[in-house]
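Colleague: Sending over a structure as structure tokens; questions will come in a sec.
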Amino acid sequence: MAPRCFVIGDPIAHSRSPMIHRSWLRQYGLAGSYDAVHVLPADLPTFMAQLREGAFAGGNVTLPHKEAVIPFVDDISEAGRAIGAVNTLWREGGRLHADNTDIAGFLGHLDASAPGWQERTGTALVLGAGGAAKGICYGLLGRCVERIILVNRSLGRAEELAASLGKAIEVREWSRASETVAEAELIVNSTALGMSGQPPLEIDLSRLRPGTVVDDIVYVPLKTALLAEAERRGGIAVDGLGMLLHQAVPGFARWFGIVPQVTAQLRATIEADILRS
Ligand SMILES: NC(=O)c1ccc[n+]([C@@H]2O[C@H](COP(=O)([O-])OP(=O)(O)OC[C@H]3O[C@@H](n4cnc5c(N)ncnc54)[C@H](OP(=O)(O)O)[C@@H]3O)[C@@H](O)[C@H]2O)c1
């Protein structure tokens, strides 16, 4: 039977995952489906039982279920366990597996957009301490970044994140973000600030060193004010849409058996949809 896949969330109508996976299904001429399914928190146990019984080959999980699905799976990847949140599920050998591919998505896009970033990065400045920031810090430490300076509005949340991932993370007050800019070879915005409908991200980039990589994981708008200013000052801008596209690769490979390419055409399709919205 052709694999049936899903993305579950509440809400879910905004998700661009169906567009990404259907585009690959068409491109590779594969039989199968990928649908958005609106699952309320109270309905999650029933949905996960259906998945276990074989209604689907697997799928993606978005807010608010990224942590809540964990008790329903049999095996969780090391990254998923470390972060305490997963976004990709699949059935294999009668067992339910889970992984967090946001990390691979973040790193995959950074590798593609700023080749050599890893060799040049001793210190990274990460803004934000939510679920995305935790994955990013985990991924950066896995790539041997020596020092992460973590800045978040709620200091306690940043301290918790640092305590869970280790000594290489130094926490600073939110008000010190601008003065920290000069210390970093890589700056990542993983807050919701700068996203359409959210307040702007107020950070002074006047001390940005040319060649610093500035990665904004917000992808609506496509080019955030942070990225535009970073480019103006000689930084290398890395946008959030690429992370979204790259995080979809491992799931598609599991369910449909082909490692898909993140092409300029796929990017243009999703960009057009974002510009329409
Ligand atoms: N490109 C991609 O593929 C991708 C993947 C995942 C997430 N994202 C984006 O990343 C962003 C964060 O996602 P998340 O899952 O980590 O969300 P989250 O767990 O809710 O964390 C939100 C973060 O934003 C900060 N924040 C929110 N409003 C703020 C404000 N007014 N002032 C200062 N800080 C504020 C929060 O600080 P406090 O801790 O102080 O509340 C926290 O650090 C979202 O915009 C999401 O769309 C993109």
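Colleague: If you go through the range 238-251 one residue at a time, do you hit one that is modelled with pLDDT of 95 or more, among the aliphatic types (A, V, I, L, M) and over 30 Å from R91 (Cα atoms)?
Modeller: Yes: one or more hits.
Colleague: On to the next question. All but one of (1) within 22 Å of K134 (Cβ to Cβ); (2) within 14 Å of the ligand (Cβ to nearest atom); (3) in contact (Cβ under 8 Å) with a residue 40 or more places away in the chain hold for D216, so report the exception by its number.
Modeller: Exception for D216: condition (3).
Colleague: Which residue pairs have Cβ atoms closer than 6 Å, lie 6 or more positions apart in sequence or on different chains, and pair a first residue in the range 60-71 that is within 12 Å of the ligand (Cβ to nearest atom) with a second residue that is outside any strand (DSSP E or B) and hydroxyl-bearing (S, T, Y)?
Modeller: What qualifies is N60/S17.
Colleague: Run down D75, D99 and say which single residue is of a type in the set (D, E) and surrounded by 21 or more Cβ atoms within 10 Å (Cβ to Cβ).
Modeller: D99 is the lone residue from the list that is of a type in the set (D, E) and surrounded by 21 or more Cβ atoms within 10 Å (Cβ to Cβ).
Colleague: Would you check which residues across the range 138-161 are under 20 Å from I203 (Cα atoms), within 10 Å of the ligand (Cβ to nearest atom) and touching a strand residue (DSSP E or B) at 6+ places or on another chain (Cβ under 8 Å) and list them?
Modeller: L150, V151, N152, L155, A158
Colleague: Something else about it: Give me the pairs, please: first residue somewhere in the range 28-57 and under 30 Å from T263 (Cα atoms), second residue anywhere and assigned to a loop (DSSP other than H, G, I, E, B) and among the charged types (D, E, K, R), beta-carbon distance under 7 Å, and either six or more positions apart or on two chains.
Modeller: H38/D10
The values are calculated or read from the model by the stated rules, or taken from the named source; none is laboratory data. Quick caveat: nothing in here was measured; it's all calculated off a predicted structure. Every residue, glycine as well, gets a Cβ built from its backbone with ideal geometry; the counts of neighbours run over all protein chains shown.
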